[in-house]
Every structure is written in C-alpha cells, then in structure tokens.
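The values are calculated or read from the model by the stated rules, or taken from the named source; none is laboratory data. Please read these numbers as outputs of a predicted model, since none were measured by experiment. FYI the Cβ positions are ideal-geometry reconstructions off the backbone, even for glycines, and counts take in every protein chain you see. The protein model used for the area step is the full one, side chains on, heavy atoms only, and it has no ligands, DNA or RNA in it. Shrake-Rupley method; radii C 1.70, N 1.55, O 1.52, S 1.80 Å.
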Amino acid sequence: MYGIQVEAALRLPPAGSRDQQPSYHAHLGEPKGDAPRDYVFTWDFSELAGFVDVGVEPHSGDRCTVDGTRMTCRHRYVDDNPPVPTPLLRAVPGAQEGRSGHLRVTAESEGVTVRGASTLVRVGGAELFAVRVPLKSRPFVGEVQRPRYSFVNNGTLPAGRVLPVLTVTRGMDLRRAS
C-alpha cells in the first residue's frame, strides 16, 4: 500500500502578523525499489475556503494548477521519498483566530492504490517552545538527574494542555512524580 504523510497540524499566523508563514512538506511512502512513475496529486482545501488563501510554490508552478478549492499537481516520483508539491497557505485578512479546517491530499497513479492524508489547518493558536533541559550526556551508573520542564507560548491563543514525548535509552528508568 502506498501512502501520503503530512504533518499533523499547521498553524497559520493571522493576516498582518510578522510571524513566519508555515513551511511543511508531504511525502509519498512506497515500497523500496519501485520503478519511477507519474502521479497526480489533488489537494482539497474546500474546508478552508473563506479564511485561507492558497497559492502554488514557485518551484512547482509549472506542474500545479489551482481551480476553485482544489490544487492539482503532476509529479514524477524518481528517488527515495521526495517531497510532494505542496500549496502555499496564508490566512486572509479578517480571518477569525482559532478558525480551522482540514486540508486533504489524494494521489493517483496507474496500477497502484494510494492512501490519502489530511492535516488540520488553524488560524493563530498556541505555539509552544520547550525551554532546554540541561542533562548530562554521559551519566555514571546509578546517577539520578532531576530535570525541570518549562514551556513558553509564543502563539496568539492559549494552549489547552502540553503532552511531552520523551525518548529514553535501554536501562533508563523514568519514575512518575506528582
């Protein structure tokens, strides 16, 4: 099964904001060793109509067209997992902060089935940054480190909750503290 992967969510800065527009990519996952083939990708942004302006990335302008609430791109997949042409997204002036909708992408190619994907697009919202936790890179056996976690919200709306994801090595014990 072939599948498209996109980021889980995109935060668009409100129109007129000095925040940088989001940069994101979609990738096509397929079995290794597959021969080069042509794909037609269709981006459906009908749920974003009225509050998001959609454009075409400059490097994919010759292969992509926007018609109404759809962008269609022709793409030749040659090497390992190259990025798929993606639309440029900007919040329109007057778009209400917190407004959201899904951006969906599907693909077709002769002789294969492709599982599409979607991502949530929101105007404004929380933008959390973790403050670096100083940990020793080479602790000795039995050493205990007690890091403190801090987050800063540089977004335009409050954050509902924070769910940290930690990667640990074999033998590391994380005790739950209240």
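Somewhere in segment 4-14, is a residue among the small types (G, A, S) and assigned to a loop (DSSP other than H, G, I, E, B)?
Our first condition is that a residue be among the small types (G, A, S); within segment 4-14, this holds for 8-9.
Narrowing further to those that are assigned to a loop (DSSP other than H, G, I, E, B): 8.
Looking through segment 4-14, at least one residue is among the small types (G, A, S) and assigned to a loop (DSSP other than H, G, I, E, B).
Would you point out which residue out of V144, V131, V152, V121 is modelled with pLDDT of 80 or more and touching a helix residue (DSSP H, G or I) at 6+ places or on another chain (Cβ under 9 Å)? Before the answer, list the steps.
On the way: V144 fails: touching a helix residue (DSSP H, G or I) at 6+ places or on another chain (Cβ under 9 Å); V131 fails: touching a helix residue (DSSP H, G or I) at 6+ places or on another chain (Cβ under 9 Å); V152 fails: touching a helix residue (DSSP H, G or I) at 6+ places or on another chain (Cβ under 9 Å).
None of the other options fit; the residue is V121.
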When you scan segment 58-81, how many residues do you find that are at pLDDT below 85, touching a strand residue (DSSP E or B) at 6+ places or on another chain (Cβ under 8 Å) and surrounded by fewer than 15 Cβ atoms within 10 Å (Cβ to Cβ)? 2
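Looking at segment 83-124 only, could you name the residues that are farther than 16 Å from E7 by Cβ, open to solvent by 70 Å² or more (accessible area, probe 1.4 Å) and not in a loop (DSSP other than H, G, I, E, B)? Break it down stepwise before answering.
Within segment 83-124, the first condition is being farther than 16 Å from E7 by Cβ, and the residues that meet it are 90-99, 106-115, 123-124.
Now drop any that are not open to solvent by 70 Å² or more (accessible area, probe 1.4 Å), which leaves 90, 93-94, 96-97, 99, 106, 108, 110-111, 113, 115.
Scanning segment 83-124 gives R90, T106, E108, R115.
Of all residues in segment 23-54, which are in a loop (DSSP other than H, G, I, E, B) and open to solvent by 40 Å² or more (accessible area, probe 1.4 Å)?
So in segment 23-54, the residues in a loop (DSSP other than H, G, I, E, B) come out as 23-25, 30-36, 45, 49-51.
S23, H25, P31, K32, G33, D34, A35, P36, A49, G50 - these are the residues of segment 23-54 that are in a loop (DSSP other than H, G, I, E, B) and open to solvent by 40 Å² or more (accessible area, probe 1.4 Å).
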Is segment 61-81 home to any residue that is closer than 29 Å to T167 by Cα, out of contact with any Ser or Thr (no Cβ under 7 Å at 6 or more places or on another chain), free of Cβ contacts under 8 Å to residues at least 60 places away in the same chain and not in a strand (DSSP E or B)? yes
Residue within segment 129-140 that is in contact (Cβ under 8 Å) with a residue 12 or more places away in the chain, within 29 Å of V54 (Cα to Cα), surrounded by 11 or more Cβ atoms within 10 Å (Cβ to Cβ) and not small (G, A, S) present: yes
Scan segment 84-117 residue by residue and report those that are within 14 Å of V52 (Cβ to Cβ) and in contact (Cβ under 8 Å) with a residue 60 or more places away in the chain. T86, L88, L89, R90, A91, V92, P93, G94, A95, E97, L103, R104
